[in-house]
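Trainee: Below you will find the structure I want to go over with you.
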Amino acid sequence: MDKAVALQLARRCLPHFESKGLANVGEIESVKPRNLLGLWTGMGSVDEIEVAGKAATEAFVVKSVGSYKKLEDELALVDHMSYYNEASFYESDLPDRICDSGARCPRPLLVDRSKDGDVTICMTKLPGRGFSRSPEQAKAALCWLARLHATFWGKRADAAAASGISGQACFWHLDTRHIELKRMPEDALRWAARGIDARLKADKMQTLCHGDPKGANIMWDDEAGVSFYDFQWFGKAPPTKDLAYFLGVAAGGLSSEDSERELLRFYHEELSKLLEAQEDAAPEFEYLWNSYHLALCDLGRWMVGGFSFGNTRLIFGHVKALLKSLDGVKGNSEELYQDKIFELYPP
């Protein structure tokens, strides 16, 4: 990032520093931009700007997003559009509400949209280092997710979604992944795909989900604990979609169903305490488990048409178990598979 651009952004963000928990640096004396990484689609970057003032030195993060109009590849365009969802997230009060719930995330300093489709998002910098997948950090991340999910539980999710964020969380949701669906072989998982998706949409547990809770999007600090960033795929979904992705991709040491259930029970206990404190009914554990099972199968469906990563033994173990329970379905009919899924896992 050019120093002149960094200085301009620093001046625009400076009036918001104190209200977002940053130090009052006073009059700006210098800025130092540093590139952190490029965006997934190659259309932009994430940079840190260090601002040295007469009173203090502070740093914030800038995500610069190129216009979707410059993309022709359909798959890249689907991914790129998520950056506009993230801009809507930071234009709302949702980041502050999440932080106020005790789940630390970046707070917005500035969101700038150009007429051509370029977007600049300035946000506070999170403390700490990378996520290590240790049992301690895994449980801290599950506590973070429980706080997020409880904050927007039930009808609160619909009210919050009215702020302009996506009506569906997670990058693999079926409505925008028809390309990967077409790549799948004509088998039972392909025919069950719409039924799994419909069942998750009908789940009685609905909230706002982070949508991409992988280790690369989590920070760990010995004092502040765990925090999450990257809210591109933030939106409405059952909480089990976050749980499926986190346990299937980010958590370590899951070698058996017992170890899965142990972490899910930990999350369930944390969520239940939070829901009961706000006078919401907590779901039964087995209902949570069944929804998590289907969410992992939903993720596995995308991986078959996209690409596989994470704990594939765990993910496709759930897929295999679901397909075994669907053995009795006669005929290659999406309707028949959907009826069976709803019979086995009533929402």
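The values are calculated or read from the model by the stated rules, or taken from the named source; none is laboratory data. Note that the structure is a prediction, hence the values are computed from the model and not measured. Neighbour counts run over all protein chains shown; Cβ positions are idealised from the backbone, glycine included.
Trainee: Please go through the stretch 289-301 and pick out each residue that is in contact with a Cys (Cβ under 9 Å, 6 or more places away or on another chain) and hydrophobic (A, V, I, L, M, F, W, C).
Mentor: ALA295, LEU299
Trainee: Oh, and also: If a residue has to be more than 22 Å from ALA169 (Cα to Cα), in a helix (DSSP H, G or I) and in contact (Cβ under 8 Å) with a residue 12 or more places away in the chain to count, how many in the stretch 230-262 make the cut?
Mentor: Start the filter on the stretch 230-262 by keeping residues that are more than 22 Å from ALA169 (Cα to Cα), which leaves 252-262.
Imposing the further condition that a residue be in a helix (DSSP H, G or I) reduces the set to 257-262.
When the remaining residues are screened for being in contact (Cβ under 8 Å) with a residue 12 or more places away in the chain, the result is 260-261.
Counting residues in the stretch 230-262 that are more than 22 Å from ALA169 (Cα to Cα), in a helix (DSSP H, G or I) and in contact (Cβ under 8 Å) with a residue 12 or more places away in the chain gives 2.
Trainee: Would you confirm, using the coordinates I've provided, whether GLN278 is polar (S, T, N, Q), on the phi < 0 side of the Ramachandran plot, at pLDDT 95 or above and surrounded by fewer than 14 Cβ atoms within 10 Å (Cβ to Cβ)?
Mentor: Numbers: polar (S, T, N, Q): yes; on the phi < 0 side of the Ramachandran plot: yes; at pLDDT 95 or above: yes; surrounded by fewer than 14 Cβ atoms within 10 Å (Cβ to Cβ): yes.
In short, yes.
Trainee: Is there a residue being farther than 17 Å from CYS122 by Cβ, in contact with a Ser or Thr (Cβ under 8 Å, 6 or more places away or on another chain), among the polar types (S, T, N, Q) and in contact (Cβ under 8 Å) with a residue 24 or more places away in the chain anywhere in the stretch 57-68?
Mentor: yes
Trainee: While we're on this one: Counting just the residues of the stretch 110-151 that are surrounded by 18 or more Cβ atoms within 10 Å (Cβ to Cβ) and polar (S, T, N, Q), which one comes out farthest from GLU58 (Cα to Cα)?
Mentor: This residue is THR151.
Trainee: Can I ask one more? Could you say which residue among ALA162, ALA157 is closer than 30 Å to LYS204 by Cβ, among the hydrophobic types (A, V, I, L, M, F, W, C) and crowded, with 17+ Cβ neighbours inside 10 Å? Break it down stepwise before answering.
Mentor: Details: ALA162 fails: crowded, with 17+ Cβ neighbours inside 10 Å.
Matching residue, one of ALA162, ALA157: ALA157.
Trainee: Still on this model: Given the condition surrounded by 19 or more Cβ atoms within 10 Å (Cβ to Cβ) and within 19 Å of the chain's Cα centre (by Cα), answer yes or no: does some residue in the stretch 327-346 qualify?
Mentor: The answer is no, given that none of the residues of the stretch 327-346 is surrounded by 19 or more Cβ atoms within 10 Å (Cβ to Cβ) and within 19 Å of the chain's Cα centre (by Cα).
Trainee: Name the residue, out of TRP153, TRP191, that is in contact (Cβ under 8 Å) with a residue 12 or more places away in the chain, among the aromatic types (Phe, Trp, Tyr) and either in contact with a strand residue (DSSP E or B) (Cβ under 6 Å, 6 or more places away or on another chain) or under 14 Å from ALA237 (Cα atoms) (or both).
Mentor: Numbers: TRP191 fails: either in contact with a strand residue (DSSP E or B) (Cβ under 6 Å, 6 or more places away or on another chain) or under 14 Å from ALA237 (Cα atoms) (or both).
When all the criteria are applied, what remains is TRP153.
Results for (1) assigned to a helix (DSSP H, G or I); (2) more than 21 Å from ASP175 (Cβ to Cβ), shown as yes or no for each residue.
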site: LEU299; (1), (2): yes, no
site: VAL304; (1), (2): yes, no
site: GLY310; (1), (2): no, yes
site: LEU322; (1), (2): yes, no
site: ASP327; (1), (2): no, yes
site: LYS330; (1), (2): no, yes
site: LEU336; (1), (2): yes, yes
site: ILE341; (1), (2): yes, no
site: PRO347; (1), (2): no, no
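Trainee: Ok, one more. Can SER308 be described as within 22 Å of the chain's Cα centre (by Cα), surrounded by fewer than 18 Cβ atoms within 10 Å (Cβ to Cβ) and not β-branched (Val, Ile, Thr)?
Mentor: Working: within 22 Å of the chain's Cα centre (by Cα): yes; surrounded by fewer than 18 Cβ atoms within 10 Å (Cβ to Cβ): yes; not β-branched (Val, Ile, Thr): yes.
Yes: the conditions hold for SER308.
Trainee: Further, regarding this structure: Pull up the stretch 1-44, narrow it to residues that are in contact (Cβ under 8 Å) with a residue 40 or more places away in the chain and over 24 Å from SER82 (Cβ atoms), then point me to the one that is surrounded by the fewest Cβ atoms within 10 Å (Cβ to Cβ).
Mentor: Checking each candidate, the answer is GLY21.
Trainee: So, in the stretch 274-291, how many residues would count as being closer than 19 Å to ALA157 by Cα and in a helix (DSSP H, G or I)?
Mentor: The initial filter retains those residues of the stretch 274-291 that are closer than 19 Å to ALA157 by Cα, namely 274-283, 288, 291.
Okay, now just the ones that are also in a helix (DSSP H, G or I), so 274-277, 288, 291.
Residues that pass the stated criteria total 6.
Trainee: Separate question: Can you spot a residue in the stretch 57-69 that is closer than 16 Å to LYS20 by Cβ, among the acidic types (Asp, Glu) and crowded, with 16+ Cβ neighbours inside 10 Å?
Mentor: Yes, there is a match, as at least one residue in the stretch 57-69 is closer than 16 Å to LYS20 by Cβ, among the acidic types (Asp, Glu) and crowded, with 16+ Cβ neighbours inside 10 Å.
Trainee: Here is a follow-up. Show me the helices (runs of 4 or more DSSP H) found entirely inside the stretch 87-184 where at least 1 residues are over 17 Å from the mean Cα position of the chain (by Cα), assigned by TED's automatic domain parsing to the domain that holds PHE234 and among the aliphatic types (A, V, I, L, M).
Mentor: Values: elements: 94-100, 135-151, 155-161, 178-183.
Hits in the stretch 87-184: 155-161, 178-183.
Trainee: To continue, here is another question. So is THR240 buried (at least 23 other Cβ atoms within 10 Å of the Cβ) and either out of contact with any strand residue (DSSP E or B) (no Cβ under 9 Å at 6 or more places or on another chain) or assigned by TED's automatic domain parsing to the domain that holds GLU343 (or both) or not? Break it down into steps so the answer makes sense when it comes.
Mentor: On the way: buried (at least 23 other Cβ atoms within 10 Å of the Cβ): yes; either out of contact with any strand residue (DSSP E or B) (no Cβ under 9 Å at 6 or more places or on another chain) or assigned by TED's automatic domain parsing to the domain that holds GLU343 (or both): yes.
Yes.
Trainee: What are the residues in the stretch 283-301 that are over 16 Å from ARG199 (Cα atoms) and either aromatic (Phe, Trp, Tyr) or in contact with a Leu (Cβ under 7 Å, 6 or more places away or on another chain) (or both), if any?
Mentor: Passing the criteria: only PHE285.
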